[in-house]
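Quick note: the coordinates plus some simple rules give every number you see, no bench work behind them. Please read all numbers here as calculations on a predicted model, not as lab measurements. Virtual Cβ from ideal backbone geometry, glycine too; neighbours counted across all protein chains shown.
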Amino acid sequence: MTGTLRLADIAAQARVSESTVSRVLNNKPVVSDRARQAVLTAIDILGYERPSALRRHATGLVGLIVPELTNPIFPAFAQVIEAALSRSSYTAVLCAQAAGGVTEDEYIELLRDRGTAGILFVGGLHADSRSDLQRYRTLIADGLPIVFINGTRPEIAVPAVGSDDRQAVDQAVHHLAQLRHRRIGMALGPDRYIVVQQKLEAFGPALARHIGPDAEPLVEHSQFSVEGGAVAAARLLARGATGIITGSDIMALGAIGAVRSAGLRVPEDVSVIGYDDSVIMPFTDPPLTTMRQNVTAIGEAAVAALLEQIEGRPVTAAEYLFRPQLVVRGSTGPAPEH
């Protein structure tokens, strides 16, 4: 929308006074950075065109599409990305999907209609090996900058940033092997996802390296949910697993529940390792041992790659991986004596 800026509308949206809006619009220095950013964000959200004097302070909206907000790792990414964009005077438009709600394709169209400067995809359809990639090819052909987070597709020439899933599996297996576990299983999401495939590729070699060539890879697939973790873990327990590596923290919580439902204890009988290190994991019962994603580094690198494209600088279409960190807490312990 273009047209006359209505101070009252902007003030209401930004939750500041009309006089503050006026000072920002006239580029007066006697305004806090927080208030200035709130006014600029309100102008963007309301669809007004920024006055030319302010365009050097911000150049518009950036879409941030996430698959959900129930898993705490996605709000964590959103917080880091929104802060990084704000420091460069961009406004993040958070688009969270939900079952039966707005789809990724519908969000893409919505963002394009709003004149978005670029889009960041966190664990989107790009991470699904069975998804149609034409949506991304169209965006590239139209010159819209995009970046993938967690899950890359070599067929799509865009920067991708994420956590090194293969390294994560190797570290997790090594940790359990040091605790004398020999029957180690993995509870993962659907095998069509790139991040799951990468974990699977690393599992067998990690077992051979840290336990021995005869170690059996125990793998069960379910959904990335508490319930999915419980189902997959119950199957692994039936196969004799004493150590379970999961595909996410919320799956790990389900796995712990399955262990207890089987009349066993964590970690005395079965050790469980999560993935992400979501904010509440130190406070679970027991506190969860997990592979920590470097959310801050990943989010800030993704924003930097997107802004370079927006500003017309050349960017290498490559995958940039950050090494995860094993965080040892109370859900892992020595293998039970038999």
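Key figures
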read-out	value
³J(HN,Hα), Karplus 6.51/-1.76/1.60, whole Hz, each residue of segment 288-296, x for Gly, Pro	8, 6, 7, 9, 7, 6, 7, 4, 5
FRET efficiency for Arg112 and Glu337, using Cβ-Cβ distance with R0 set to 45 Å, rounded to 0.05	0.15
Virtual spin-label span in nm between Leu69 and Glu49, 7 Å along Cα→Cβ	3.2
Percent of beta bridges antiparallel (DSSP, segment 165-293, rounded to nearest 5)	0
Tilt relative to the chain, helix 194-210 - C-alpha long axis, 0 to 90 degrees, to 10	40
Per-peptide average of other Cβ atoms within 10 Å, ordering 254-262, 98-106 highest first	254-262, 98-106
Compactness of the chain as Cα Rg over 2.2 N^0.38 Å, two decimals	1.14
Local net charge near Phe74, Cβ-Cβ under 11 Å (Lys/Arg +1, Asp/Glu -1)	-2
Pairwise label distance in nanometres, Arg209 with Asn26, each label 7 Å out on the Cα-Cβ vector	6.5
Net charge of neighbours whose Cβ lies under 12 Å from the Cβ of Ala238, counting Lys and Arg as +1 and Asp and Glu as -1	+2
Residue of Thr152, Thr91, Thr316 that the Gaussian network model of the chain assigns the largest fluctuation, springs spanning Cα pairs under 10 Å	Thr316
Segment 181-217 versus segment 125-149: alpha-carbon centroid distance in Å	29
Segment Val102-Ser261, length gained on full extension (0.36 nm per residue, minus Cα span)	53.6 nm
Simple Cβ-charge dipole of segment 165-293, Lys/Arg +1 and Asp/Glu -1, about Cα centre, in debye nearest 20	240
Dipole in debye (nearest 20) - the chain, about Cα centre, beta carbon charges: Lys, Arg +1; Asp, Glu -1	720
GNM top mover of Leu236, Leu139, Leu85 - the chain, alpha-carbon springs below 10 Å	Leu139
Diffusion constant of segment 132-266 at 10 °C, which comes from Stokes-Einstein with the Kirkwood Cα-pair radius and 1.306 mPa s, µm²/s	99
Among 182-189, 274-281, the order from most to least packed when residues are scored by Cβ within 10 Å on average	182-189, 274-281
Cα-centred dipole magnitude for segment 140-192, charges only on beta-carbon of K, R (+1) and D, E (-1), debye, nearest 20	440
Positive-end extreme of charge dipole, segment 77-190 - chosen from Ser129, Leu188, Leu111 (charges on Cβ)	Leu188
